[in-house]
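Below you'll find the structure, written out as structure tokens, and then a few comments.
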Amino acid sequence: MALKLHHLNASRSQRLVWLVEEMGIDCEIVHYQRHPETNLAPPELLDIHPMGKSPLLEDDDVVIAETGAIAEYLLAKHDPDHKLHPRSDSPDFPRYLEWVHSAEGAPFLPGLFGFYLLRSELTDIPLAHAMAAEAAKAAAHIEAHLAKHDYFAGDSFTAADCLMGFQIQNTALRAGALPPATQAWLERVQARPAYKKMLEIGV
Ligand SMILES: N[C@@H](CCC(=O)N[C@@H](CS)C(=O)NCC(=O)O)C(=O)O
């Protein structure tokens, strides 16, 4: 079995580089660079998957796209002791699932739209204001959760923290500052050796 993670620079695939490090599994990281003007992925990724986006995971003849799906695949196959994902009978399981999927879901879509609107210099239109209000609502939801729990799934670090990490760092970069519990969570997870190893591998 040969695992290969196709990783685009400055992209959400860095959270899977981080997860692979947390899991301590053998996985080749294949690096790609965004086009300097368009910011798009290079066409080589289209040879691997029709969407041509990153992350992509290859496991021998299996190719799988979508960060959450890749994380679930890796954990199902390579985390038999559930060190990084709660068992389905654990009380943390529903919350874990919700945050794993939130990392590409409702809490972050407004921020993504906002980013594209900003890049198009469309910051003073009703859609941009609506997206900013939705992003603020999501940030308050995350802050309220982290004020009560050390990690996204509860008291223990899980893959949900890796997946939420990239989005929260981006929010911090855009907003300039994070609310206190979210900031404390970010500092806690950034102190992890696997996070630091991910930075060495290259984001
Ligand atoms: N929902 C997908 C999003 C994949 C995606 O949009 N990846 C971006 C990187 S952040 C990408 O490859 N962008 C380059 C491009 O679209 O050409 C996931 O979670 O994997």
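The values are calculated or read from the model by the stated rules, or taken from the named source; none is laboratory data. None of these values were measured; they are calculated from a predicted model. So basically every Cβ, Gly included, is an ideal-geometry build from the backbone, and we count neighbours across all protein chains shown. The accessibility values were calculated without ligands, DNA or RNA, using every heavy atom of the protein model including side chains. Shrake-Rupley method; radii C 1.70, N 1.55, O 1.52, S 1.80 Å.
A few notes on this one:
- Taken together, the residues in the stretch 1-54 that are aliphatic (A, V, I, L, M) and either part of a loop (DSSP other than H, G, I, E, B) or within 8 Å of the ligand (Cβ to nearest atom) (or both) amount to 10.
- Thr38 meets each of the listed conditions (1) within 17 Å of Val203 (Cα to Cα); (2) over 15 Å from the mean Cα position of the chain (by Cα); (3) polar (S, T, N, Q) apart from (1).
- The one condition in (1) under 30 Å from His129 (Cα atoms); (2) surrounded by fewer than 16 Cβ atoms within 10 Å (Cβ to Cβ); (3) touching a residue at least 12 places away in the same chain (Cβ under 8 Å) that Asn39 fails to fulfil: (3)
- Scanning the stretch 55-68 for residues being part of a helix (DSSP H, G or I) and among the charged types (D, E, K, R) gives a total of 0.
- Of all residues in the stretch 162-197, those being of a type in the set (D, E, K, R) and free of Cβ contacts under 8 Å to residues at least 60 places away in the same chain number 3.
- Qualifying residues in the stretch 94-103 (those that are free of Cβ contacts under 8 Å to residues at least 40 places away in the same chain and surrounded by 13 or more Cβ atoms within 10 Å (Cβ to Cβ)) - the one farthest from Asp26 (Cα to Cα): Glu98
- Residue match in the stretch 61-75 (condition: more than 13 Å from the ligand (Cβ to nearest atom), at pLDDT 95 or above, closer than 17 Å to Ser11 by Cα and open to solvent by less than 80 Å² (accessible area, probe 1.4 Å)): no
- The condition of being in contact with a helix residue (DSSP H, G or I) (Cβ under 9 Å, 6 or more places away or on another chain) and in a helix (DSSP H, G or I) holds for only one of His101, His85, that being His101.
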